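The values are calculated or read from the model by the stated rules, or taken from the named source; none is laboratory data. Every value quoted in this text rests on a predicted model; they were computed, and no experiment measured them. FYI the Cβ positions are ideal-geometry reconstructions off the backbone, even for glycines, and counts take in every protein chain you see. Calculation scope for accessible area: heavy atoms of the full protein, side chains included, ligands and nucleic acids excluded. Shrake-Rupley method; radii C 1.70, N 1.55, O 1.52, S 1.80 Å.
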Protein chains: 4
Amino acid sequence: MPRPKTGDKRAAILRAATKTIAEDGVGASTAGIAKAAAVAEGSLFRYFPDKDRLLNELYRELKLDMRSAMIAGFPVTGSLRKRIQHIWNAYVTWGMESPAKRRAMMQLTVSERITDQTRQEGQSGFEDATEAMQQFVARGKLSDLPPAFASDLLLAMAETTMASMVANPAKADHYRSAGFEAFWSAAAKK
Amino acid sequence: MPRPKTGDKRAAILRAATKTIAEDGVGASTAGIAKAAAVAEGSLFRYFPDKDRLLNELYRELKLDMRSAMIAGFPVTGSLRKRIQHIWNAYVTWGMESPAKRRAMMQLTVSERITDQTRQEGQSGFEDATEAMQQFVARGKLSDLPPAFASDLLLAMAETTMASMVANPAKADHYRSAGFEAFWSAAAKK
Amino acid sequence: MPRPKTGDKRAAILRAATKTIAEDGVGASTAGIAKAAAVAEGSLFRYFPDKDRLLNELYRELKLDMRSAMIAGFPVTGSLRKRIQHIWNAYVTWGMESPAKRRAMMQLTVSERITDQTRQEGQSGFEDATEAMQQFVARGKLSDLPPAFASDLLLAMAETTMASMVANPAKADHYRSAGFEAFWSAAAKK
Amino acid sequence: MPRPKTGDKRAAILRAATKTIAEDGVGASTAGIAKAAAVAEGSLFRYFPDKDRLLNELYRELKLDMRSAMIAGFPVTGSLRKRIQHIWNAYVTWGMESPAKRRAMMQLTVSERITDQTRQEGQSGFEDATEAMQQFVARGKLSDLPPAFASDLLLAMAETTMASMVANPAKADHYRSAGFEAFWSAAAKK
DNA sequence: GATGAATGAGGCTTCATTCAT
DNA sequence: GATGAATGAAGCCTCATTCAT
């Protein structure tokens, strides 16, 4: 039996990629990522056939990670407001606790190297939340906007909110709820 | 593109950079930009000492351009809602009419190569609009959020709205006003 | 290809190397050869200390193989023409039936990685045929050319002939005999 | 006016490539070639977009070079034998005087990196000689073999002859004429 | 001023070989 | 013995920048 491929190594590379891309953008070198992962440069290519694949896998993993954070404790039977608020809080909390993940995600999102397929797959596996968001839009004043509008909006508003939280950590909690109120008002019924 | 006259060369390079960066991201090569500008490779460096400077200058120019669009016809003496709506419409219109500028802007905004100073300078020169935005926040339910919050929020929400407009051009006008209502509701007084 | 039994592994690797080198040249990767042999990457190096040795061994094996084809049914007591014709036919038939072997051979022959020693050894073990070839030269009009001349010439002319056969399979048989006549005339007595 | 592209540099690279490929095969590194040409590695790619192109251009140049040697002093109005002998002598002389060119040519010829188009183009521009070769075949005993047969055969037999010449330089002249007699006999009328 | 040829550092990727299991 | 994960040197190529003309 050969040396078994340590599942850790793949994870280490993704972790290192998150950090490095957060700092240097998608232009971060594979050498730099490998080094940050304490792995030989060639090893990176045993786990990911090329840089594009690494980028796309990372996008996928980050989405998954974010989703886990959002799904944990999701109040499936709670009121619409409760459910939406859970999503908001979970997302903002995830973003604030994992600044590198959040920044890497931003870089990947605007990169032309993430394929459409990857982006589409990134939407899936998040049914409860998606449903809540769609109900939210459908019952609110933006009822005829595309279904993805609310989710995109949440991301965008959360991003803005987090920028304020980072700028003034003392008021972070307050900003988080204020941000939520803004989001809720933006789309809720008149 | 014909060879630009001497005085135009700088502008031609910036125009070419906008287009090229919109397509290829910040990684676009200086040679590619020079070619798109119908200018010699070396000439680019007579107008910009290095690529970073070109990137920062471009960011600045794009902000200026956007601002001009917003200032033109600004209803200084109109109601707050009129003024805010003007900003919203002007921004969305600018973004839809100049997709390359908008995409280049997005790329630059997330790039680590734009300095903090450039970002700060990008805020200035937009007093009427800024003042309107601050009044808007101050008088609304987000009164204790940082002053930049509303502007950032507008940008973010407009981005989301434009994505919907691009996806469904037939409803573009409707989406633009729906987006504005959402924005207004997000921050206006309860 | 099923995983070969232990004893066959060396043969399987050589077989795979023939095919792979025929297609990709001497630059074919050891990993690719191992895969084609349905053998682990590392296993290749248990049978051949390094790639150069593999190449040289393969050259040797192919020569041996070709020789077997030529020796089978060799008319030891036949006329000189009969014997020479047997060599010609056997060689051309071998080349046409084993295009991969022939192509691999060509690649190896021009490669700088085959040592002089390997090349020399490649000549041996073919006494009857060699003797016939030497008689042929000695009694013909090229009597003072080096002994290897006739064999080399045969190879070269057969190669040319096979190219024609491949290009026009319908006339293959005819080309084979025409080629032989050319070879015979080239060196036979005036 | 920028520094003009010195025509010499391209030639120097091709010269260096000839030498390096003759020694190391098509696997010769671009770095090695650049170094042998006393040129920066990047410069090589200003003259040839990639290694494949360099290889194909080199093939073309070598064919051209060989052709010049063959065309010089071609006895257009001489007897068929005179013309064929001129071709033979010119080719063998070229090969013996330019061993690197000849060896590089052999490597390129068997390489899969030379495209079919390049090979075809390599045939052209050599009309007088081609015509002579075709007459030779048509009037001889191989009259129904493909037109390219005689040229290929000449190359192959010349190669073999040159190997003998290199092995025994003292008899080089003798071998050259003996080789020609063999070639002539191979295809001439019975 | 303008040009684009020249450069070499650095990027991504492949690969022969080693070695823990 | 067999395996394939791990490695880092080396390969091809790109690119920002310089500088002779």
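Rounded if a/c is under 1.5, else prolate if a/b beats b/c, else oblate: with a ≥ b ≥ c from the C-alpha gyration tensor eigenvalues square-rooted, which is chain D? It is prolate, given that a/c is not under 1.5 and a/b is the larger ratio. Once the partner protein chains are put back, region C:135-158 shows a loss of at least 10 square angstrom of accessible area, versus the chain by itself, at C:K141, C:L142, C:D144, C:L145, C:P146, C:F149, C:D152, C:L153, C:A156, C:M157 (probe 1.4 Å, ligands and nucleic acids excluded). Averaged per residue, region A:1-99 has 53 square angstrom of accessible surface, using a 1.4 angstrom probe with ligands and nucleic acids left out. The tail of the calculated P(r) for region C:21-93, taken as Cα-Cα distances beyond 18 Å, holds 55 percent of the pairs. With all protein chains in place and ligands, DNA and RNA left out, the 1.4 Å accessible area ranks C:S164, A:S79 as A:S79, C:S164, largest first. Pairs of C-alpha atoms in region C:125-183 farther apart than 17 Å represent 45 percent of all such pairs.
Distant-in-sequence amide contacts of B:A38, defined by a placed amide H-H separation under 5 Å and a gap of 5 or more residues or a different chain, comprise nothing. Using a 1.4 Å probe over protein heavy atoms, the accessible area lost on pairing C with D, summed over both chains, comes to approximately 2300 Å².
Please say if region C:1-48 is rounded, prolate or oblate, where rounded means a/c under 1.5 for a ≥ b ≥ c the square roots of the C-alpha gyration tensor eigenvalues, and otherwise the choice is prolate for a/b larger than b/c and oblate otherwise? Cα axes put region C:1-48 in the prolate bin. Inverting the pair-averaged 1/r between distinct Cα atoms of the protein assembly as shown gives 32.7 Å as its Kirkwood hydrodynamic radius.
In this structure, D:R81 and C:A11 have a Cβ-Cβ separation that, at R0 = 35 Å, corresponds to a calculated FRET efficiency of about 0.10. Span-like helices, chain A: DSSP H, alpha-carbon axial extent 27 Å or more, mean Kyte-Doolittle 0.5 or greater, which ones? Span-like helices in chain A: A:148-167. Each of C:D24, C:D152, D:D8 has its accessible area taken with a 1.4 Å probe; listed largest first, they run D:D8, C:D24, C:D152.
Surface exposure of region B:103-187, expressed per residue as accessible area with a 1.4 Å probe, stands at 43 Å².
Cross-link pairs exceeding 29 Å in C-alpha to C-alpha distance, out of C:K63/D:K82; B:K19/D:K35; A:K189/B:K171; C:K35/D:K35; A:K82/B:K141, comprise C:K63/D:K82; B:K19/D:K35; C:K35/D:K35.
Per atom type, the protein assembly as shown shows carbon and sulfur on 52% of its accessible surface, probed at 1.4 Å. A simple count of charges around C:A72, restricted to other residues whose Cβ falls under 14 Å of its Cβ and scoring Lys, Arg +1 and Asp, Glu -1, yields -1. Counting only DSSP H runs of at least 4 residues, each contributing -39500 (n - 2.57), and dividing by the residue count of chain D, the helix-based mean residue ellipticity at 222 nm comes to -24000 deg cm²/dmol.
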